[in-house]
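Worksheet: one structure, shown below.
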Amino acid sequence: MLERPTKTIGFILPNASNYFGHTLMEAFERELSARDYRLTIALTNHHIEKEKEYLRYMAQTTDGIMIISDAEYYDMIADAVPTDLPILFLNRKPMGCPYTSVIENDYAAVFQAIFALINDGNENIACICRNPDFSTTKEILHAYQTAMENSPAGYHEEWVRFFEKSLNDVPAVVEELKEAGCTAIFTASQTLTERFLDYLVVYNKQNPGFMALAGFANNGHNTSLQKSIDMVAQPINQLVDLAVQQIIYLIEHPDTEAKDYFVKGTFRKRIYESFSSHGKD
């Protein structure tokens with residue numbers, strides 16, 4: 001039988017393959033350590049069964065769990081969620097989830113990023129996302145569609161593409177979008193932005209017809225290359241601060257009514273022109 005408190009908080013996330021995941025883990029460890037809590041981390045690699053396995057494990061080893069879930073619907077993980085332990089959903093929330101969450105809202109920033117591309121002369125803009133059922137994806141697509149409906153090119157559903165776990169098809173997707181008349185791409189996650197940015201830097205040097213890019217990044221700690229495209233800066237510091245406050249509060253006040261909290265991303269105009277100007281006459 002587990003004797004609480006353990007002074008340990010669990011953090012379950014899909015992966016740590018980009019700076020977003022790295023930064024979250026480091027920031028949570030730093031902030032929780034300052035409050036005399038330990039952090040235990042589990043990576044699911046986007047597998048729901050692993051997510052459920054870690055939820056059950058951490059129910060026996062921690063005082064509370066923070067999770068970035070890949071579940072589209074709460075029913076997909078409900079049987080593994082402990083009922084006697086504080087749970088905090090981060091960044092996105094499965095439909096029907098009854099627990100407190102800290103959610104990122106990027107609607108306004110995405111809208112601004114799309115119009116920045118349009119104002120640069122790139123009217124035919126594609127949008128590349130991950131899972132279409134994620135609440136965050138739906139919000140991004142809503143902002144994209146609204147912006148495009150108010151642009152000269154209009155909204156074209158065929159310009160929206162969805163990527164799953166594999167990102168090996170970047171060259172093929174770029175060629176398909178170019179053939180469809182697209183002159184710019186908006187990538188709806190940090191992982192997608194990193195992959196397409198790395199590819200397009202070389203592509204734009206070797207091929208006629210410039211393909212512009214805007215996407216996602218952390219708020220700060222970006223490379224010079226990342227600073228050469230317009231970005232939606234994710235509010236990691238605010239997310240971490242609010243999440244730490246909430247999980248500890250829920251541990252200390254377990255009967256607190258569930259509530260959704262929101263942190264907003266911001267539009268960040270590029271600082272350098274090395275990427276955006278290359279290949280243009």
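The values are calculated or read from the model by the stated rules, or taken from the named source; none is laboratory data. What you are looking at is a predicted structure, and each value in this text was computed from that prediction instead of being measured. For neighbour counting, all protein chains shown are included, and Cβ atoms are generated from backbone atoms with ideal geometry for every residue, glycine included. For the accessible areas, the whole protein counts, side chains as well, though only heavy atoms, and no ligand, DNA or RNA atoms are used. Shrake-Rupley method; radii C 1.70, N 1.55, O 1.52, S 1.80 Å.
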* Structure fact -> Residue pairs qualifying under the 9 Å Cβ cut-off, at least six apart or on distinct chains, with the first in segment 245-272 being open to solvent by 100 Å² or more (accessible area, probe 1.4 Å) and the second being aromatic (Phe, Trp, Tyr), are 264/107
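Can you find a residue in segment 40-50 that is of a type in the set (Ser, Thr, Tyr), closer than 24 Å to residue 261 by Cα and out of contact with any helix residue (DSSP H, G or I) (no Cβ under 8 Å at 6 or more places or on another chain)? It would help to see each step written out before you state the result.
Keep residues of segment 40-50 that are of a type in the set (Ser, Thr, Tyr), which gives 40, 44.
Narrowing further to those that are closer than 24 Å to residue 261 by Cα: 40.
With out of contact with any helix residue (DSSP H, G or I) (no Cβ under 8 Å at 6 or more places or on another chain) added as a condition, the list becomes none.
No.
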* Which one is most open to solvent (accessible area, probe 1.4 Å), of the residues in segment 45-70 that are modelled with pLDDT of 95 or more and under 18 Å from the mean Cα position of the chain (by Cα)? -> 48
* Among what's in segment 16-33 and is open to solvent by 40 Å² or more (accessible area, probe 1.4 Å) and in contact with a helix residue (DSSP H, G or I) (Cβ under 9 Å, 6 or more places away or on another chain), pick the residue that is nearest to residue 83 (Cα to Cα). => 31
* May I ask you to say which residue of 39, 55, 32 is free of Cβ contacts under 8 Å to residues at least 40 places away in the same chain and over 26 Å from residue 163 (Cα atoms)? => 39
* When only residues in segment 217-243 that are closer than 12 Å to residue 197 by Cβ and β-branched (Val, Ile, Thr) count, which is modelled with the lowest pLDDT? -> 223
* When you scan segment 22-94 for strands (runs of 3 or more DSSP E) that lie fully inside it, which ones turn up with 3 or more residues that are within 19 Å of residue 135 (Cβ to Cβ) and of a type outside the set (Val, Ile, Thr)? -> 87-91
* Asked: Are there any pairs with C-beta distances below 7 angstrom linking a residue in segment 67-81 that is under 23 Å from residue 28 (Cβ atoms) to a residue that is modelled with pLDDT of 95 or more and among the aromatic types (Phe, Trp, Tyr), with the two at least 6 apart or on different chains, and if so which?
  -> 67/89; 69/89
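Of all residues in segment 1-21, count the ones that are in a helix (DSSP H, G or I) and hydroxyl-bearing (Ser, Thr, Tyr).
Filtering segment 1-21 down to residues in a helix (DSSP H, G or I) leaves 19-21.
Applying the additional criterion that residues be hydroxyl-bearing (Ser, Thr, Tyr) yields 19.
Counting residues in segment 1-21 that are in a helix (DSSP H, G or I) and hydroxyl-bearing (Ser, Thr, Tyr) gives 1.
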